[in-house]
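The values are calculated or read from the model by the stated rules, or taken from the named source; none is laboratory data. As the structure is a prediction and not an experimental result, all values here were calculated from the model. Cβ sites come from the backbone with ideal geometry, for glycine too, and all protein chains shown count toward neighbours. For accessibility, only protein heavy atoms count, side chains too; no ligands or nucleic acids. Shrake-Rupley method; radii C 1.70, N 1.55, O 1.52, S 1.80 Å.
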Amino acid sequence: MKYRIIIGFLILSSFIFSSCRKSNYETPAGPQVIRDNGGGTGTVTWTKDKDYLIEGLVFVNDGQTLTVEPGTVIRFKTGQGSAASALIVSRGANIFAEGSESEPIILTAENDDLTGSIPVDATGLWGGLIILGNARPNLTAGEAHVEGIPVYEPRGVYGGYNDDDNSGVLRYISIRHGGTNIGDGNEINGLTLAAVGNQTVVDHIEVISNTDDGIEIFGGTVDLKYISVAFCGDDAFDLDLGYSGRMQFILGIQYFSHGDHLLEIDGGSDPVQGKPYTYPSIFNGTFIGRGQADLERTAS
């Protein structure tokens, strides 16, 4: 099995025992600050020759398309609660973020200098990447408001009846140090796929050091391939609400001191026995837990 996307595990691991929580790196002068006043990003291309800094919740609105060039680095303002930063692709919007093996797209905290100065146990520095689609979730109403986004935000709704829905392409992307808390224990996953359809392409993705789940999928039919999740505070992979896609070549690694399940699979919630059932097909999975030493430490 080859995980040629940056993965960064070996580089980051050298900082496991560091007590530093943030680096001294400062975003280069003159970054292009992206804020959302309700109009979303617009149909736009973000290029690797610019420094991007996301401030607050930024949406790709219905009907808009965000294209991200290979090698682009997108940093996110650090903050909790109302100051949380995240990128959300709404229902009816598209994202085409196609990195490459040699030029991955990186989503990380504002102070990350990309040389390992932020330690591997630094989590919750920003939000995450959220994709909302029109496929079916296991919900009586057929749609719901995604976790991690304030309930008063109408663009945070996912779900529909089109299992062939297409939200775009995510390829060769590294998501680092996310999972900020927006309030009341409501944390954002590294990558959230909510009712995303099977025409969406998701492959060669890594999520490193997220406070909540690495990847959580709420219903939908999207397929995932070549996925790595490491050192997250909750589950590596969490599959809910009738997800029925395929997953192949997936890797989950826990940090030595935290993490819940490497793979959690749940049914519906409203109703529990409703359809579609959560029925994923998983091939070629490798899961590495905290190990016996941690179990003995916890029991003592």
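Side notes on the structure shown:
- Hits in segment 116-163 (condition: in contact (Cβ under 8 Å) with a residue 24 or more places away in the chain, surrounded by fewer than 21 Cβ atoms within 10 Å (Cβ to Cβ) and among the hydroxyl-bearing types (Ser, Thr, Tyr)): SER117, THR140, TYR161
- Just one of the listed residues (ASP51, ASP36, ASP62) is under 18 Å from SER174 (Cβ atoms), open to solvent by 20 Å² or more (accessible area, probe 1.4 Å) and at pLDDT 95 or above, namely ASP51.
- Of the criteria (1) among the charged types (D, E, K, R); (2) without any contact (Cβ under 8 Å) to a residue 60 or more places away in the chain; (3) surrounded by fewer than 21 Cβ atoms within 10 Å (Cβ to Cβ), which one ARG75 fails: (3)
- Filtering segment 174-192 to residues that are surrounded by fewer than 24 Cβ atoms within 10 Å (Cβ to Cβ) and within 24 Å of GLY71 (Cα to Cα) leaves only SER174.
- Among (1) open to solvent by 10 Å² or more (accessible area, probe 1.4 Å); (2) touching a Phe, Trp or Tyr at 6+ places or on another chain (Cβ under 6 Å), the one test that PHE218 misses: (2)
- Some residue of segment 83-92 being open to solvent by 10 Å² or more (accessible area, probe 1.4 Å) and either farther than 16 Å from GLY40 by Cβ or hydroxyl-bearing (Ser, Thr, Tyr) (or both): yes
- Residue list for segment 93-113, filter: part of a loop (DSSP other than H, G, I, E, B) and buried (at least 17 other Cβ atoms within 10 Å of the Cβ): ALA93, GLY99, PRO104, GLU110, ASN111, ASP112
- Some residue of segment 156-165 being at pLDDT 90 or above, aliphatic (A, V, I, L, M) and over 22 Å from ALA236 (Cβ atoms): yes
- Here PHE283 fulfils each of the conditions (1) open to solvent by less than 40 Å² (accessible area, probe 1.4 Å); (2) at pLDDT 95 or above apart from (1).
- Condition check for ARG171: in a strand (DSSP E or B), surrounded by fewer than 24 Cβ atoms within 10 Å (Cβ to Cβ) and touching a strand residue (DSSP E or B) at 6+ places or on another chain (Cβ under 9 Å): yes
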